[in-house]
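The values are calculated or read from the model by the stated rules, or taken from the named source; none is laboratory data. Because the structure is predicted, anything quoted here is derived from the model rather than measured. As a convention, Cβ positions derive from the backbone with ideal geometry for all residues, glycine included, and neighbour counts pool all protein chains shown. The area values use the complete protein model at the heavy-atom level, side chains included, leaving out ligands, DNA and RNA. Shrake-Rupley method; radii C 1.70, N 1.55, O 1.52, S 1.80 Å.
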Amino acid sequence: MREFVIGKGNLKCGQLKGKTAIVTGAGGGIGFEAARSLAWLGVKVIIAEVEKGIALNAVTDINGEFGEKMAYFVHTDVGSEKSISKLYRKSLKFFGSADIIINNATYAPIGYCEELEIKDWDRSYRTNLFGPFLLVKYFLPDMKKKNTGTLIFVSSSGAAPFMGGYEIFKTSQVELSNTLSGELENTGVINFTIGPGIVKTKTALNAIKKLAPMYGKTEEEFFGMNRNLMISVEEAGAGFAAAAANHEKYRGLEIGSIQALMDAGIEVENDSGAGEIEADLDVEALRFALLKIMETFSEQYNGWMERPVFERQWIIRDFKKHMKCSPDEYRAKIKNYFENLNQSRNLYMSKDMENLKNYYLHQIELLKGYEKDRDKLDESNTIMNSWIAEIENLTSLLNGQE
């Protein structure tokens, strides 16, 4: 058996044996790689796919690699309640109630909002939002009865020009997940959202062929703009499966495949300049810059912990929503970067620092709505902008090695 990305970290082959999963849109691309990685983990998978030919090939490939009856095909149109009802009945017949649901199926119309056909808006709504809701409607009750299960929603990058027909419903899917996280907070059912990153799938290539000229770019130039976030199709799918394996870490969060891979100890093989820190990098300057950020964040963290309980809970929820991890987990990340600076990867550290910068900017905007004393507002803005400057200094040091 060949080496799989999912097997390159700290996850064990077969560790989820006895679990079952449904992956929509799993006939090819990221969905197929997610299903294959789940099978490596021991999960029996239903390929819920609208295209019969590629779905049957996917089932053949997975069963050939991992043994008969590891994968099944159910013809599924996620935007049809009748079809989802059929998927539910057949999944019960195959292996009982599902343990993992991955809402991977997607449709991505490209164009100016006013120029997209109504049929494109309707299909995108049914695929990217109504379909995930239907899966919740049919499969969540059984999970709640068992008090266990994992619902994974697949997000995108958010509002972007010429992608409204896609992003609007993907963003709504995130809000569906956020709503569910509150309703499921005291249960054994875990839900979260994961974004694959920039991946050269067939769907992405078709979309970018139309999108790049709208930005005045060639296709390769467009991908080049996002090179530090690009990962392979297998890596993206393995990230989905790794997130399912480590689901307790991500309750109610919005994460990316890269984070899930990193948490599973899996190195991303990226040839875009995101490799290890070069020997001629000024490591001491980086260490000093990172130390200042650590000290600032620790002071802020300690202040949060001293707040009244309900205020503290609100702050932590807001932090998790914007940072995709808890404050404790973020402290551990920064400490790990500091202690292993010579081995740290730009791809990870730069992204985590950018997230922290955006969080501080978010705090500045929040403060405008709460602080009425102009002098105190100016003082707070000066302090938080100094935090942002510390991050920008670190980022400039990291970018200097590329």
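Would you be able to tell me the number of residues in region 104-128 that are open to solvent by less than 70 Å² (accessible area, probe 1.4 Å), assigned to a helix (DSSP H, G or I) and out of contact with any helix residue (DSSP H, G or I) (no Cβ under 6 Å at 6 or more places or on another chain)?
So the answer is 1.
Suppose we filter region 92-103 for residues that are open to solvent by 20 Å² or more (accessible area, probe 1.4 Å) and either touching a Gly at 6+ places or on another chain (Cβ under 7 Å) or in a loop (DSSP other than H, G, I, E, B) (or both); how many remain? Walk me through it before giving the result.
Restricting attention to region 92-103, the residues satisfying the condition of being open to solvent by 20 Å² or more (accessible area, probe 1.4 Å) are 92-97, 99.
Okay, now just the ones that are also either touching a Gly at 6+ places or on another chain (Cβ under 7 Å) or in a loop (DSSP other than H, G, I, E, B) (or both), so 96-97, 99.
Going through region 92-103 one residue at a time, the tally reaches 3.
Could you list, in sequence order, the residues of region 154-193 that are over 14 Å from residue 143 (Cβ atoms), modelled with pLDDT of 90 or more and of a type in the set (Val, Ile, Thr)?
154, 168, 179, 193
Six or more apart or on different chains, Cβ atoms under 6 Å: show the pairs whose first residue is in region 296-310 and touching a residue at least 24 places away in the same chain (Cβ under 8 Å) and whose second is in a helix (DSSP H, G or I) and among the hydrophobic types (A, V, I, L, M, F, W, C).
296/387
Which of the residues spanning region 221-230 are over 24 Å from residue 112 (Cβ atoms) and either at pLDDT 70 or above or of a type in the set (A, V, I, L, M, F, W, C) (or both)?
229, 230
Which residue, of 25, 53, 29, is closer than 27 Å to residue 129 by Cβ and buried (at least 24 other Cβ atoms within 10 Å of the Cβ)?
25
In region 130-187, what count of residues is obtained for those that are within 21 Å of residue 96 (Cβ to Cβ) and either part of a loop (DSSP other than H, G, I, E, B) or among the basic types (Lys, Arg) (or both)?
Qualifying residue count, region 130-187: 8.
Look through 368, 351, 320, 324 and report the one residue that is of a type in the set (D, E, K, R) and touching an Asp or Glu at 6+ places or on another chain (Cβ under 6 Å).
Answer to the check: 324.
Polar (S, T, N, Q), at pLDDT below 85 and either open to solvent by 80 Å² or more (accessible area, probe 1.4 Å) or out of contact with any strand residue (DSSP E or B) (no Cβ under 6 Å at 6 or more places or on another chain) (or both): which single residue out of 302, 346 fits that description?
Testing whether each residue is polar (S, T, N, Q), at pLDDT below 85 and either open to solvent by 80 Å² or more (accessible area, probe 1.4 Å) or out of contact with any strand residue (DSSP E or B) (no Cβ under 6 Å at 6 or more places or on another chain) (or both) leaves just 346.
Which residue pairs have Cβ atoms closer than 7 Å, lie 6 or more positions apart in sequence or on different chains, and pair a first residue in region 23-50 that is more than 12 Å from residue 101 (Cα to Cα) with a second residue that is among the aromatic types (Phe, Trp, Tyr) and not in a helix (DSSP H, G or I)?
Cβ pairs passing all conditions: 37/4; 40/4; 49/73.
Check region 166-175 and report whether any residue there is more than 26 Å from residue 88 (Cα to Cα) and basic (Lys, Arg).
no
Anything in region 311-330 that is outside any helix (DSSP H, G or I) and either touching a residue at least 24 places away in the same chain (Cβ under 8 Å) or among the aliphatic types (A, V, I, L, M) (or both)? List them, or say none.
324, 325
Looking only at region 171-208, which residues are of a type in the set (Lys, Arg) and in contact (Cβ under 8 Å) with a residue 60 or more places away in the chain?
Once the filter is applied, which keeps residues that are of a type in the set (Lys, Arg) and in contact (Cβ under 8 Å) with a residue 60 or more places away in the chain, region 171-208 yields only 202.
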